[in-house]
1. Go through region 125-158 and give me each residue that's at pLDDT 85 or above and more than 15 Å from residue 62 (Cβ to Cβ).
2. What's the number of the only condition in (1) surrounded by fewer than 19 Cβ atoms within 10 Å (Cβ to Cβ); (2) closer than 26 Å to residue 133 by Cβ; (3) at pLDDT 55 or above that residue 4 fails to meet?
3. Would you point out the residue of region 101-138, among those that are among the small types (Gly, Ala, Ser) and in contact with a His (Cβ under 7 Å, 6 or more places away or on another chain), that is surrounded by the most Cβ atoms within 10 Å (Cβ to Cβ)?
4. Against the definition (surrounded by 18 or more Cβ atoms within 10 Å (Cβ to Cβ), out of contact with any helix residue (DSSP H, G or I) (no Cβ under 8 Å at 6 or more places or on another chain) and on the phi < 0 side of the Ramachandran plot), how does residue 49 come out, yes or no?
5. Does any residue in region 65-91 that is in contact (Cβ under 8 Å) with a residue 12 or more places away in the chain come within less than 8 Å, Cβ to Cβ, of a residue that is of a type in the set (Phe, Trp, Tyr) six or more places away or on a different chain, and which pairs are these?
6. For residue 122, indicate whether it is within 22 Å of residue 46 (Cα to Cα) and modelled with pLDDT under 90.
Amino acid sequence: MAETNKNLWAPWRMVYIRSLSDQDQGGCFLCRYAACPEQDATNHVIWRGPSCLTTFNTFPYSSGHLLVTPQAHLADIDDLDERTLHELMGQVKDAKRLLKEVVKAQGFNIGMNFGRCAGAGLPGHLHVHVVPRWEGDSNFMAVVGDVRIVSQSIDDLHAEMKRTAAEMGLPGIRV
């Protein structure tokens with residue numbers, strides 16, 4: 001019997017690996033996003049408020065994986081003033097509503113990781129993961145191969161979510 005090809009290609013992974021060295025050199029990508037609102041389309045920012053912004057995770061667990069973050073480089077939830085905390089949670093709520101509408105998510109994982117030992121890939125800049133989920137989406141690929149299947153490009157989904165957010169009246173701003 002002929003042996004089948006057992007390679008799983010993930011060419012985006014090298015972009016991720018190289019980005020880690022940029023972060024190690026003080027290049028926090030969330031700070032870059034916060035400082036450059038004119039680059040929101042390129043950075044896939046859905047919306048921003050006075051203190052927080054919502055953007056796509058460039059290396060997602062699933063289609064529509066969003067990050068909600070303060071614009072200030074703050075590491076811990078204890079560092080947030082009440083206004084920023086309120087805005088952050090408002091954007092999380094709006095992100096969840098938007099994902100439910102656009103990608104028809106049936107459930108969500110929403111959470112934060114503090115410290116590398118807890119899984120924080122960017123421990124210096126607090127962010128909330130909003131990950132849409134569907135029945136049956138935890139298949140053998142994630143369990144056996146540590147592989148995730150992302151079914152839609154970030155560019156296409158970003159455009160659809162921006163359009164739908166406007167239609168839903170979701171500015172993502174809560175103060």
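The values are calculated or read from the model by the stated rules, or taken from the named source; none is laboratory data. Here the structure is a predicted model, which means the values were calculated and not measured. Heads up, the Cβs are rebuilt from the backbone with ideal geometry, glycines too, and the neighbour counts pull from every protein chain shown.
1. Correct list: 125, 126, 127, 128.
2. Looking at each condition in turn, residue 4 falls short on (2).
3. 124
4. So residue 49 fails the test.
5. 65/56; 66/56; 67/56; 75/114; 76/114; 77/114; 91/47
6. Judged against the criteria, residue 122 is a match.
Results for (1) assigned to a helix (DSSP H, G or I); (2) over 20 Å from residue 124 (Cα atoms); (3) in contact with a Pro (Cβ under 7 Å, 6 or more places away or on another chain), shown as yes or no for each residue.
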position	(1), (2), (3)
38	yes, yes, no
47	no, yes, yes
50	no, yes, no
55	no, no, no
59	no, no, no
62	no, yes, yes
68	no, no, no
73	no, no, no
